[in-house]
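Colleague: My structure is below; once you've seen it, I'll send some questions.
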Amino acid sequence: MLNLLWLAPAFPLAGAAVLALFGSRFPRKLVSLLGVGSIGLAALVSFLVGWSFLASPPPGNAFLLPLWTWMDAGSFRADFGLYLDPVSLLMLVVVTFVGFLIHVYSTEYMRHDDGYARFFAYMNLFVASMLLLVLGNNLLVLYVGWEGVGLCSYLLIGFWYRDPANVRAANKAFLVTRIGDTAFAIGLFLLFTHLGTLDIQQLMQRAQSQWEPGSGLAIAAAALLLAGACGKSAQLPLQTWLPDAMAGPTPTSALIHAATMVTAGVYLIARTQALFRLAPPVQLAVAVIGATTLLMAACSALAQRDIKRVLAYSTISQIGYMFLALGLGAWSAAMFHFMTHAFFKALLFLAAGAVIQALHHEQDMFRMGGLRTELPVVFWSFVIGGSALAGLPLLTAGFFSKDLILWQSWAGPNGNIWFWLCGMAGALLTSLYTYRLIFLVFYGPPKAHVAARPGLAIKLPLVVLCVLSIVGGYADTPPHFGGTPALSNFLNSTLPALEEVHVGPITEVTTALCASLMFAAGFSLAFVLYYRRRVEHPSETALARFWSAGWGFDQLYDGVFVRPFIWLAAVNRNDVVDAAYAGIASAAQECSRVLRLTETGRVRWYASGLALGSAVFLAFVLLTR
């Protein structure tokens, strides 16, 4: 059964190819069948492969499926193969299943769009690229998937390209992530140059045997990979593209923000964790970036009016939690939060899309209200997904995964009180901005007419994701709640388990109680401000505007990079480099003009010229012998 692994990326890739070539000629039902069916088959293969992997684990708890030799030149050889272990299996199942639900939702959400077939072609290619990324046996195959999801994000963010704002958002996403991609590519060159391979397993073994912990090469390589991860996962300082990515259709936002592109950086660091353990300063930087990002993005979410931008900043913040865990060596906790986040964030984005569609594409939360009776399924989807995001104790998936990160941010060898406090502050802010959204959208007097109600294709994915947002956390329940950390035990066969060295005065039970208090405090504050007092207009203080603008990073980059570049382009309008080539062209034209004068049409002059030239040539030969 494991030999069928290649079908997982093959099905969506084939679906993308067929839809791209012939989709415009197909009826919409056939487009839906191909677009959704290819992802459904990929999900089915993923479950079958996963069942076989769990029922009969391969030797070493890893399975390699070589497909063909891709490149073989001199000392460089790269095989195109797929590698399956507990980490990639978790990613495989989550990406295909959540991707399938989003595709089902899209059949109704996008049913009136002129680019219906084009949309599903892009979405299929997106999933295929992500599967190549997580299953690639070497960093070169991973990089192909890495660039593939970047391309698809550009295409999907700018899907409605007739609006210039959407094109700008797509360009911004492409260019900002390109900074990280370039660093990642340089990292690949460095690793191959010094270790002689790009096979991930061999690479990690050679790095551990040839490089000392803290060596300059290890630090440089890890820093370059970290830059790539920050670009794709929208972490400081490359986080500015993600809020603008809301320009794309809502199913696109769900796919990018929940289970695919933004988690690629998390996966890259987890997959190459041996390299990061050899570079302690870089690993610490991962934790610092994660802690800083989760707080800054949570503050920005608190100041947004647009329902999708709240969720966008929420994604940046939750990825920050994953980076915090990775930086502290809590590898399994990061992957656990990836899984639960995929469930509740996909649920929230899809529910937000249902609200937007029902209100004539209105996205301003302060123009909404009273929707809990008009859209009951969507309301309960927001309550369950939002509670999971905020970490409702004991009942939601988000509580268990976030609690594990919070505990290990203190208990691990690199943990300390500051990381623990950052995580707690993030939990408070998350609860506050989540219930602020719910109270504004679903409570109070109605402010807009509900023009459309979701059908079965929208409701079904919401219900399934509601269930997963509740029960998904029970895959890894802590022992102090009488549970078993089954997922952590499974992942720890590949990822090193965290050694808990700090116990007192903070304990795991204390952490859970404090996280519960943060949830309650955030909920209570949101209840008072946005339910009891019903703030009808957001604060216009300078701080609120600053947070709403993403802490001014766009303005900073505009002043430091964009405007100077435009100024240089204006100054260098008559490009000095082009001037040299223009001179060569002018010289060629002048030579042509001179030679043209010799074309007189007089045969005697031609014959004389031939004779004279022959005489000069013979004289030269005789004199130089």
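Colleague: Which ones in segment 148-169 are in a helix (DSSP H, G or I) and out of contact with any Ser or Thr (no Cβ under 8 Å at 6 or more places or on another chain)?
Modeller: Here is the first cut: in segment 148-169, the ones in a helix (DSSP H, G or I) are 148-157, 164-169.
Answer for segment 148-169, where residues must be in a helix (DSSP H, G or I) and out of contact with any Ser or Thr (no Cβ under 8 Å at 6 or more places or on another chain): TYR154, LEU155, PRO164, ALA165, ASN166, VAL167, ARG168, ALA169.
Colleague: While we're on this one: In this structure, is PRO164 of a type outside the set (Gly, Ala, Ser) and either modelled with pLDDT of 95 or more or under 26 Å from SER317 (Cβ atoms) (or both)?
Modeller: So PRO164 does not fit the description; no.
Colleague: If you don't mind, there's one more thing I want to ask. In segment 27-49, which residues are surrounded by fewer than 18 Cβ atoms within 10 Å (Cβ to Cβ) and either among the acidic types (Asp, Glu) or touching a helix residue (DSSP H, G or I) at 6+ places or on another chain (Cβ under 8 Å) (or both)?
Modeller: ARG28, GLY37, PHE47, LEU48
Per-residue answers, yes or no, for (1) in contact with a Ser or Thr (Cβ under 9 Å, 6 or more places away or on another chain); (2) in a helix (DSSP H, G or I); (3) within 30 Å of ASP364 (Cβ to Cβ):
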{"position": "GLU540", "(1), (2), (3)": "no, no, yes"}
{"position": "TRP551", "(1), (2), (3)": "yes, no, yes"}
{"position": "ALA579", "(1), (2), (3)": "no, yes, no"}
{"position": "LEU595", "(1), (2), (3)": "no, yes, no"}
{"position": "THR598", "(1), (2), (3)": "no, no, no"}
{"position": "ARG604", "(1), (2), (3)": "no, yes, no"}
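A quick yes/no check of all residues on (1) loosely packed, with under 12 Cβ neighbours inside 10 Å; (2) in contact with a His (Cβ under 8 Å, 6 or more places away or on another chain); (3) part of a helix (DSSP H, G or I):
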position	(1), (2), (3)
ALA512	no, yes, yes
GLY522	no, no, yes
LEU529	no, no, yes
VAL560	yes, no, yes
ILE566	yes, no, yes
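Colleague: Next up: Checking the conditions here, which among LYS459, LYS447 is among the basic types (Lys, Arg) and in a helix (DSSP H, G or I)?
Modeller: Answer to the selection: LYS459.
Colleague: Follow-up question, since we're still on this one. Any residue in segment 59-79 that is out of contact with any strand residue (DSSP E or B) (no Cβ under 9 Å at 6 or more places or on another chain), part of a loop (DSSP other than H, G, I, E, B), outside the structural domain of LEU456 (by TED's automatic domain parsing) and over 27 Å from ALA354 (Cβ atoms)?
Modeller: Yes: segment 59-79 contains one or more residues that are out of contact with any strand residue (DSSP E or B) (no Cβ under 9 Å at 6 or more places or on another chain), part of a loop (DSSP other than H, G, I, E, B), outside the structural domain of LEU456 (by TED's automatic domain parsing) and over 27 Å from ALA354 (Cβ atoms).
Colleague: Also, quick follow-up: So how many residues does segment 538-575 have that are in contact with a Cys (Cβ under 7 Å, 6 or more places away or on another chain) and of a type in the set (S, T, N, Q)?
Modeller: Within segment 538-575, residues that are in contact with a Cys (Cβ under 7 Å, 6 or more places away or on another chain) and of a type in the set (S, T, N, Q) number 0.
Colleague: How about segment 267-287: which of its residues are under 15 Å from SER233 (Cβ atoms), assigned to a helix (DSSP H, G or I) and not basic (Lys, Arg)?
Modeller: Within segment 267-287, TYR267, LEU268, ILE269, ALA270, PHE276, ALA285, VAL286, ALA287 meet the criteria.
Colleague: With modelled with pLDDT of 95 or more, in a helix (DSSP H, G or I) and under 27 Å from HIS361 (Cβ atoms) as the only criterion, which of GLY37, GLY99 stands out?
Modeller: GLY99
Colleague: Could we say that GLY386 is surrounded by fewer than 23 Cβ atoms within 10 Å (Cβ to Cβ), in the same structural domain as PRO478 (by TED's automatic domain parsing) and either within 23 Å of the chain's Cα centre (by Cα) or touching a residue at least 12 places away in the same chain (Cβ under 8 Å) (or both) here?
Modeller: For GLY386, the condition - surrounded by fewer than 23 Cβ atoms within 10 Å (Cβ to Cβ), in the same structural domain as PRO478 (by TED's automatic domain parsing) and either within 23 Å of the chain's Cα centre (by Cα) or touching a residue at least 12 places away in the same chain (Cβ under 8 Å) (or both) - is not met.
Colleague: A further question follows. Give just the number: which of (1) in a loop (DSSP other than H, G, I, E, B); (2) crowded, with 21+ Cβ neighbours inside 10 Å does TRP410 not satisfy?
Modeller: The one condition TRP410 does not meet is (1).
The values are calculated or read from the model by the stated rules, or taken from the named source; none is laboratory data. Computed from a predicted model, the values in this text were never measured in an experiment. For neighbour counting, all protein chains shown are included, and Cβ atoms are generated from backbone atoms with ideal geometry for every residue, glycine included.
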